[in-house]
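Participant: If you scroll down you'll find the structure; I have some questions about it.
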Amino acid sequence: MRIHPRYTQRGAVVILGGATLLTLVILIFIIVFILEKGLPVLGWNFLTSNPEDMGRSGGIFPTLIGTIILPLIAIIIATPLGVFTSVYLSEYTKETRATKIIRFGTDCLAGIPSIIFGLFGYIFFVITLGMGWSLLAGGLTLAVMILPTIIRTSEEAIRAVPKSYREVSFSLGASSWQTVKKVILPNALPGIVTGVMLSIGRSIGETAAVIFTAGSSLRIPTSLLDSARTMSVHFYILAREGISAENAYGTAAALIIAVLLVNLSAYWLMNRFISKRS
Amino acid sequence: MKLFGEKAVRRILMVTAFSALSGLLLIALFILNEGLPFIFKYGIKEFLFSSDWYPHLGKFGIYPMIVASLWVTLGAMIVGAPLGVFGAIFLSEYTPRPVMKIIKPTIELLAAIPSVVYGFIGVMVLAPIIRANFGGPGLSLLAASIILGIMILPTVISISIDSILAVPQSYREGSYALGATTWQTTHMVTIKASKSGIIASIILGLGRAIGETMAVIMVAGNSVNIPNTPLDSVRTLTANIALEMSYATGMHRQALFATGVVLLIVIIILNSLASVAIRKRMVKR
Amino acid sequence: MKTKFQIKDFSFYFNEEKVLKNINFEIEANSILGIIGPAGSGKTTFLRSLNRMNDLESGYRIEGNILLDGIDIYKPEYDVVELRKKVGMVFAMPVPLPMSIYENVVYGPRLSGVQDKKRLDELVEKSLSSAYLWEEVKDRLHTSGMRLSGGQQQRLCLARVLAMEPEAILLDEPSSGLDPISTAKIEDALTVLKKSYTIILVTNNTKQAARVADNTAFFLMGELIELGTTSQIFTSPVKTQTDDYITGRFG
């Protein structure tokens, strides 16, 4: 028996629409759930006071510091490395088998689970180089973790600059670096910045790679070799060890808001980029 | 003088690129170097297919973790793939473009939510529901599958939408001109043309699922055993590394690196598959 | 007549396919050379060999020489950047860089180190005037070059080349997508400019070559079939292929 196309059409709309709706409901539920329970806890006081009794009460000030400094270290190291590398790969080398292998390699590294970076950072930075659990070890580990992503997104942004711009620039007597500086980078910049912002977002939310390299000290770090705790690590410890559900919710809310802010600004930049282009 | 500047810049860029790339290569080699010798010394078969994981007795069989990782990933796919692909089809073919342009970034935004938050939701909301309705400890293979299935949704939806939108409008118009409904056009023309991109999106989602650590640690229960039912507590490869890393030394630590090597190889295979699928799409066009 | 370019037994291979086959001829200074021929005849490749734009591609190889004012531009120590400053190029598609009209015109001079604001202003006015664009844009020099119409954009591209004060100008089908009025303006500009520049114009439009070129070269399948004064080529071509092409029997 053949079902009339009109009914398959309706059935499809119901099933596909249902799947979309379910997806949206789940995702919105997660955010609303966390914010609803966390926002009442989250306040100026919560953000700026020190935790007491392992975080059972008090605020999350030191973890706020950790959450700012760790991604900052990572970004300061990984951005120039990543951007220069992508400029070199896309503007100074010709497309060969070697560049294809490099691209595949960075793709694979971008897909490596963060726990493996944590394992590497722990053995290499913390133990072998003797940095101990520290901001430096954690920042370096995060830098290594986001480097492939930055290389990839920068390269995509650079490749999106029309080839004709390069031709025009070269035909007007520009050298490679002049072309990069005056035409390529200004046009690729929003794309590169978006990639960097997304990496910051990822660093803020990262737990597995951080907990084993930066440690989980609740003191306010005074040097790069001090251990520190980020909000995600703090949240993980509060939740997993059942220390304080209330403070866990508060921290989670702060975490989500931070990550969403970073990502929203990335999208805002991207959109400005696209609308400027067309 | 100017020419010197040009050469210097080229050299600086080259050195930076070379050090960044060789640094990344070194990490891969470092992990292989720490893990591979152990695998060969301990025996590949013993390591991969023995169920005895007793680090204090020098027994390092990761078979239960491999099985758990596979089941959890498969479960995530069963939950996430249809939901994600259906959602992508609906958003790209049945939703007005301006609405889609708002919903897609919203869903992508959810990829940014830290995995610990997903894990927390699993513990607070999902596990109690499972415990109440199906029994068992709640923290289980099932809970991990559902949470990971949700976590891969942004990846699957975003990449699927991109590949569906890449299908030339003329294909659809050709189908509509022959009197097809939207659904007929979608499943006979659009999905066929974007199949490899959709597959790539699922593979990349799998990569994310198999590599996820914190959320899984929080919801899977973490006992080393081969699950009999979806309600059993399991420990995945990633969880195994994370749970024991801070106190492992000697052989035990090497065994964890070896676990990392296994994960690395799985990820490389998945990435190769995804890039083959994506390249197939390019060639077809 | 002074010779600007000497092409000596020049062949061009792309991925080992011979795209240009043993080309030999000379290009006179201060004249317009029209290069005609059907699509795929190697005209554009030849044109891009004159300022080494083909260097940007990979997988090519050359044989023979091209001499600019008696100096081989393909010898290893030759400075490509200097070459491109001497030999400007206008592309088939008008490509204003995503910056203001003013910035587009001063792009080349700035690269060569011209900083003086007054000097730059002069260059902008002079170049835009020579490209017959000044009157249309003089009040909005600081708006984006991308807001101009296609014809205006192409004249902006011409002005941008003129601002570098080159010795030769290469034009690759500069009016392929333009309206008749813009085309006429560009052609008018070229006839004036040839007094000070050597101009090489690749065109798909044989009538355009007939209108503006002093000499015309006919390319077919990577070979130079015939070269002569424009009137000779269009009234009494020696080779039958040339005759067939200009009378529209193919191409």
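The values are calculated or read from the model by the stated rules, or taken from the named source; none is laboratory data. Keep in mind that what you see is a predicted model, and the values were worked out from it rather than measured. Quick reminder, even Gly has a Cβ in these numbers, built from the backbone with ideal geometry, and neighbours come from all protein chains shown. Quick note on the areas: whole protein, heavy atoms, side chains included, nothing else; ligands and nucleic acids left out. Shrake-Rupley method; radii C 1.70, N 1.55, O 1.52, S 1.80 Å.
Participant: Between Rg and the Kirkwood Rh of the range B:49-284, both from Cα atoms, what is the Rg to Rh ratio?
Facilitator: Numbers: Rg = 20.3 Å, Rh = 19.2 Å.
Dividing the radius of gyration by the Kirkwood radius yields 1.06.
Participant: Let me ask something additional. Which FRET efficiency, nearest 0.05, do C:SER129 and A:THR93 yield, Cβ-Cβ r, R0 51 Å?
Facilitator: Details: r = 42 Å, r/R0 = 0.82.
Once the sixth-power term is evaluated, E becomes 0.75.
Participant: Ordered by packing density, taken as the mean number of other Cβ atoms within 10 Å over each peptide's residues, highest first, how do B:211-218, A:150-157 rank?
Facilitator: On the way: B:211-218: 28.4, A:150-157: 24.4.
Packing order, densest peptide first, comes out as B:211-218, A:150-157.
Participant: Buried accessible area for the A:B pair, summed, 1.4 Å probe, in Å² rounded to 100?
Facilitator: The summed interface area works out to 6500 Å².
Participant: Now for a separate question. Compare the peptides A:194-200, A:182-188 by average per-residue count of other Cβ atoms within 10 angstrom and give them in order, highest first.
Facilitator: Numbers: A:194-200: 23.6, A:182-188: 20.6.
Final packing ranking: A:194-200, A:182-188.
Participant: Note down the nm distance, to one decimal, between modelled labels 7 Å out along Cα→Cβ at B:PHE49 and at B:TYR94.
Facilitator: 4.7 nm
Participant: Can you bin every Cα-Cα distance in the range B:2-42 into 5 Å intervals starting at zero and give me the percent of pairs per bin, rounded to whole numbers?
Facilitator: 6, 21, 13, 13, 10, 10, 8, 7, 5, 4, 2, 1
Participant: Please sort B:83-90, A:35-42, C:216-223, A:207-214 by packing, taking for each peptide the average over its residues of neighbouring beta carbons within 10 angstrom, highest first.
Facilitator: On the way: B:83-90: 25.8, A:35-42: 17.2, C:216-223: 22.2, A:207-214: 29.9.
Descending mean neighbour count gives A:207-214, B:83-90, C:216-223, A:35-42.
Participant: I'd like the trypsin sites (Lys or Arg not before Pro) in the range C:79-155 restricted to DSSP loop residues with at most 16 other Cβ atoms within 10 Å, sorted by number. The partial results should precede the final answer.
Facilitator: On the way: sites: C:ARG84, C:LYS85, C:LYS86, C:ARG110, C:LYS117, C:LYS118, C:ARG119, C:LYS126, C:LYS138, C:ARG140, C:ARG147, C:ARG155; in loops: C:LYS138, C:ARG140.
Counting only loop positions with at most 16 other Cβ atoms within 10 Å, the trypsin sites (Lys or Arg not before Pro) in the range C:79-155 are C:LYS138, C:ARG140.
Participant: Give the separation of the Cα centroids, the range B:127-148 to the range A:4-46, in Å.
Facilitator: A separation of 20 Å, based on Cα centres.
Participant: Taking a 1.4 Å probe, which of A:TRP133, A:TRP44 shows the most accessible area, and what order do the others take after it? It would help to have the intermediate numbers written out before the result.
Facilitator: Numbers: A:TRP133 120, A:TRP44 200 Å².
Final ranking, largest accessible area leading: A:TRP44, A:TRP133.
Participant: Hey, another quick one. Under a point-charge model restricted to the Cβ atoms of Lys and Arg (+1) and Asp and Glu (-1), what is the dipole moment magnitude of chain A relative to its Cα centre, in debye to the nearest 20? Provide the component values of the computation, followed by the final result.
Facilitator: Details: 22 positive and 13 negative charges, 256 e Å.
Dipole of chain A, to the nearest 20 debye: 1220 debye.
Participant: Averaged over its residues, how many other protein chain Cβ atoms are within 10 Å of peptide B:217-224's Cβ atoms?
Facilitator: Details: counts 5, 3, 0, 0, 0, 0, 0, 0.
Going residue by residue through B:217-224 and averaging, the value is 1.
Participant: For the range B:225-247, list residues with backbone N below 19 Å from a point placed 7 Å from the Cα of B:ASN133 toward its Cβ?
Facilitator: B:229-233
Participant: When you look at the Cβ of every residue in B:8-14, what mean number of other chain Cβ atoms sits within 10 Å?
Facilitator: Numbers: counts 1, 9, 6, 0, 3, 13, 5.
So the per-residue partner count for this stretch is 5.
Participant: For q values of 0.10 Å⁻¹, compute log₁₀ I(q)/I(0) with the Debye formula on a Cα-only model of the protein assembly as shown, without solvent.
Facilitator: The computed values of log10 I(q)/I(0) come out as -1.09.
Participant: Can you give the FRET efficiency to the nearest 0.05 for C:GLU16 and A:VAL13, using r as the Cβ-Cβ distance and R₀ = 56 Å? Present the calculation step by step, with values, prior to reporting the outcome.
Facilitator: Details: r = 55 Å, r/R0 = 0.98.
The pair C:GLU16/A:VAL13 has a calculated efficiency of 0.55.
Participant: Please give the solvent-accessible surface of C:ASP244 in Å², to the nearest 10, using a probe radius of 1.4 Å with every protein chain present.
Facilitator: 50 Å²
Participant: What is the Cα convex hull volume of the range A:141-278 when expressed per residue in Å³? The partial results should precede the final answer.
Facilitator: Working: hull volume 17.6 nm³, N = 138.
Taking the convex hull of the Cα positions in the range A:141-278, it is 127 Å³ per residue.
Participant: Name the residues of the range B:86-130 whose amide N is less than 18 Å from a point 7 angstrom out from the Cα of B:THR229 along the C-beta direction?
Facilitator: B:127-130
Participant: Quick one: what Rg and Dmax do you get for chain C from the alpha carbons, in Å?
Facilitator: Here Rg and the maximum Cα pair distance are 18.0, 56 Å.
Participant: Which whole DSSP H helices in chain A pass both tests: a Cα extent of 24 Å or more along the axis and a mean Kyte-Doolittle value no lower than -1.0?
Facilitator: Details: long enough: A:5-38 (49 Å, 1.45); A:61-87 (39 Å, 2.04); A:135-159 (34 Å, 1.09); A:185-205 (29 Å, 1.04); A:245-277 (47 Å, 0.76).
Those that pass (Cα extent of 24 Å or more, hydropathy at least -1.0) are A:5-38, A:61-87, A:135-159, A:185-205, A:245-277.
Participant: Among A:PHE61, C:SER175, A:GLN9, pick out the residue whose Cα is farthest towards the positive end of the charge dipole of the protein assembly as shown, where Lys and Arg carry +1 and Asp and Glu carry -1 on C-beta, about the Cα centre.
Facilitator: The residue sitting most towards the positive pole is A:GLN9.
Participant: Which entries of A:LYS163/C:LYS21; C:LYS8/C:LYS85; A:LYS182/C:LYS138; C:LYS18/C:LYS86; C:LYS8/C:LYS126 have Cα-Cα distances beyond 32 Å here?
Facilitator: Details: A:LYS163/C:LYS21 28 Å; C:LYS8/C:LYS85 23 Å; A:LYS182/C:LYS138 24 Å; C:LYS18/C:LYS86 28 Å; C:LYS8/C:LYS126 36 Å.
Listed pairs above 32 Å: C:LYS8/C:LYS126.
Participant: Just to be sure I understand the model, the point goes 7 Å from the Cα along the line to the Cβ. What's the resulting A:ASN45 to A:PHE29 distance in nm?
Facilitator: Label-label distance for A:ASN45 and A:PHE29, simple model: 3.3 nm.
Participant: Sticking with this structure for a sec: Sorted from largest down, what three extents in whole angstroms do the Cα atoms of the range A:44-277 have along their principal axes?
Facilitator: 68, 41, 28
Participant: Here's another thing I want to ask about it. What nm distance separates the two modelled labels at C:LYS118 and B:LYS41, each placed 7 Å from Cα along Cα→Cβ?
Facilitator: Calculated label separation equals 8.0 nm.
Participant: With +1 on each Lys and Arg Cβ and -1 on each Asp and Glu Cβ, how big is the dipole of chain C about its Cα centre, in debye rounded to the nearest 20? Working shown, then result.
Facilitator: Numbers: 30 positive and 33 negative charges, 75 e Å.
With Lys and Arg at +1 and Asp and Glu at -1, about 360 debye.
Participant: Average partner chain C-beta neighbours within 10 Å, per residue of A:157-170? Mind dumping the intermediate values first?
Facilitator: Values: counts 0, 0, 0, 0, 1, 4, 2, 6, 4, 1, 6, 13, 6, 9.
Across A:157-170, the average partner-chain Cβ count within 10 Å equals 4.
Participant: Just the number, please: buried accessible area between A and C, total of both chains, 1.4 angstrom probe, nearest 100 square angstrom.
Facilitator: Numbers: alone 15800 and 11570 Å², together 25470 Å².
That pair of chains buries around 1900 Å² in total.
Participant: Tell me which of C:ILE73, C:GLN208, C:TRP134 sits at the most positive position along the dipole axis of chain C, charges placed on C-beta atoms (Lys, Arg +1; Asp, Glu -1).
Facilitator: Farthest towards the positive end: C:TRP134.
Participant: In whole Å, how far is the Cα centre of the range B:194-269 from that of the range C:201-251?
Facilitator: 70 Å
Participant: Taking the Cα centre as origin and putting +1 on Lys and Arg beta-carbons and -1 on Asp and Glu beta-carbons, what dipole magnitude results for the range A:127-266, to the nearest 20 debye?
Facilitator: 420 debye
Participant: So, one more: Quick one: of the DSSP bridges fully inside chain C, what percent are antiparallel, nearest 5?
Facilitator: Values: 25 of 42 bridges.
So the antiparallel bridges amount to about 60 percent of the total.
Participant: Continuing with the same structure: At 1.4 Å probe size, what's the solvent-accessible area of B:TRP183? Round to the nearest 10 Å².
Facilitator: 60 Å²
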